[in-house]
Amino acid sequence: MGLFQQPANALIVMTKAPEPGQSKTRLVPPLSFAEAADLARALLLDQLNNLAQLSGARLFIAFTPETAAGFFERFAAQGFASFLQQGHSLGERMSHAFQYLFDGGFGNIILIGSDLPALSLALFDQAYAWLGHGEADVVLGPSTDGGYYLIGMNRLISDIFQDMSWSRDDVLARTTEKLAGLGVRYELLPLGYDIDTSEDLRRLQSHCDQRDVSMKNTATLLHELRRRGKV
């Protein structure tokens, strides 16, 4: 197995320290920088609490900046090992995260961001089944903004991270086009969403209003933001 031991599945949460002026700035306004950072922190905590229940995969956090190492080390108690992101562009950082764990001996690796509603664990079971049984070499979770909220691979296909404008609304389309051109099999999970706009924030509020017990931190914060007239 190399650097790590069984199981062969790994899950990476790619994130950065939730700091004012550095986190969820597209939500400013209506949120303040401090409120946007509080939202990033709540989403991260809820996602990690949720993923700690996932069996059959080793859990990792790929973080930035380097000075935030102490903040992320606290999640080791929940089963998360952490390592520093490497690279300048988002594509370079994702490619490095996959390469790091493939070099460590893992066979099926899934990567998500932290600015998502807590994901159903059944999504990961499905993705690992596709990757592990050879039905797909890549799994993608399409998001409403035209990108993807999840990507999984059973081998590194770095081409899909190169020459990509990550802020555009055709990231998923360009990625699947590249995969088709390379002859790589892929599968798509159900549609999901990131939290980047006021509309996403309203959708998240509706999600939490359904008493989703996996998002207690986020629901509490949204209740306070609603009281302030921000949602």
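Read-outs throughout are calculated quantities, based only on the coordinates presented, and are distinct from any laboratory measurement. All of these numbers come straight from a predicted model, not from anything done at the bench. Ideal geometry is used to build each Cβ from the backbone, glycine not excepted, and the neighbour counts take in all protein chains shown.
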Rounded to the nearest 500, what is the 222 nm mean residue ellipticity of the chain from helices alone, with -39500 (n - 2.57) per DSSP H run of 4+ residues and division by all residues?
-11500 deg cm²/dmol
How big is the antiparallel share of DSSP beta bridges in the chain, given as a percent to the nearest 5?
30
What whole number of Å gives the distance from the Cα centroid of region 79-123 to the Cα centroid of region 137-209?
14
Which chymotrypsin sites (Phe, Trp or Tyr not before Pro) from region 130-231 combine a DSSP loop assignment with at most 14 other Cβ atoms within 10 Å?
Trp166
On a straight-distance basis, which aspartates and glutamates could pair with Lys230 in a cross-link, Cα separation under 18 angstrom, same-chain partners fewer than 8 positions away excluded?
Glu35, Asp38, Asp196, Glu199, Asp200, Asp209
State the label only: which of (i) 1.56; (ii) 0.99; (iii) 1.06 corresponds to Cα Rg over 2.2 N^0.38 Å computed from the shown model?
(ii)
